[in-house]
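In what follows, a structure is listed as structure tokens, so that the remarks can point back to it.
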Amino acid sequence: MIVAEPRASAPLVRVSRAAVVANVRAALREHPSAAVDVRRDACGHGARLVADAALEAGAAYVLSDADSAADRHGRDVLALEAVFGLEGRGTPALALTGPVLSIKPLFAGEGVSYGYLHRAERDTRVALVSGGYAHGVARAIGGRAMVRIGGAELPIIGRVAMDVCVVDLEDADVAPGDRAVFLGPDHPDAAATWARATGLTELELVAAVGLHTAREVTA
């Protein structure tokens, strides 16, 4: 088994300020007087980040947790899917990546993860990737969603565990320490795939990730 160094072993959310600014500007062209809702930590994107980006983009009002019911009543608010680049509306503002922790062979007939629901049909290699349901990665995407590592789209196999998931590497050139992209602009179809697999909305899924994973801001 090949194992990564212990540093940088956790999944990470990155939220792009530039994407939020661009998304809000585009949405304001159709709704120039609308507010931007940053309540509940802007659905895991960071209330302060989104508020500052919205004001930079030209929003006239930011709706926060401090606003009263009277302040909220009757106010036109931009669709959150448009603000965060979901459902094909703009650029996804949130990206989730997790490092490859280890790589090992998986032989035909062997199973992986809880209950061995997935058994290999052929000899292959698999990666243990940091990121599980404790970080908001929906359990239902096991066997139904892909991650991107380098230029390759690779399937998540077996059940998603609490802190990790297993990825079939097939013939891809992957090494411990490489980062797998679960969600984000480099894997733009992923949120829709998660939504189909779970029955949840893209916004609900991305919010869960943003609220449960270490987060940093990018330009």
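FYI, it's all coordinate maths here, none of it is from the lab. Fair warning: this is a prediction, and the values are worked out from it, not measured in the lab. No Cβ is skipped: glycine too gets one built from the backbone with ideal geometry, and neighbour counts run over all protein chains shown.
The table that follows gives values for the structure above.
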item: Under the span-like rule (Cα at least 27 Å along the axis, Kyte-Doolittle mean at least 0.0), DSSP H helices of the chain; result: none
item: At 1.306 mPa s and 10 °C, Stokes diffusion of segment 104-219 via Kirkwood alpha-carbon radius, µm² per second; result: 109 µm²/s
item: Distant alpha-carbon pairs in segment 30-143 (separation over 19 angstrom), percent; result: 61 percent
item: Once the Cα gyration tensor of segment 92-145 is diagonalised, semi-axes √(5λ) in Å; result: 24, 14, 10
item: Whole-number Å³ per residue for the convex hull built on Cα positions in segment 9-95; result: 93 Å³
item: Interchain or long-range residues, amide H under 5 Å from Val62's placed H; result: Val36
item: Structure-derived Rg and Dmax of the Cα atoms in Å: which label, when the choices are [x] 16.3, 52; [y] 19.0, 63; [z] 17.5, 50; result: [y]
item: Inter-label distance for Ser102 and Arg14, nm, one decimal - labels placed 7 Å from Cα along Cα-to-Cβ; result: 2.7 nm
item: Burial ranking of peptide ranges 208-219, 46-57 (average Cβ count within 10 Å, highest at the top); result: 46-57, 208-219
item: Packing-based ranking, highest mean first, of 178-185, 190-197 given that Cβ atoms within 10 Å are counted; result: 178-185, 190-197
item: Label point distance in nm, Leu55-Ala79, each placed 7 Å from Cα along Cα→Cβ; result: 2.8 nm
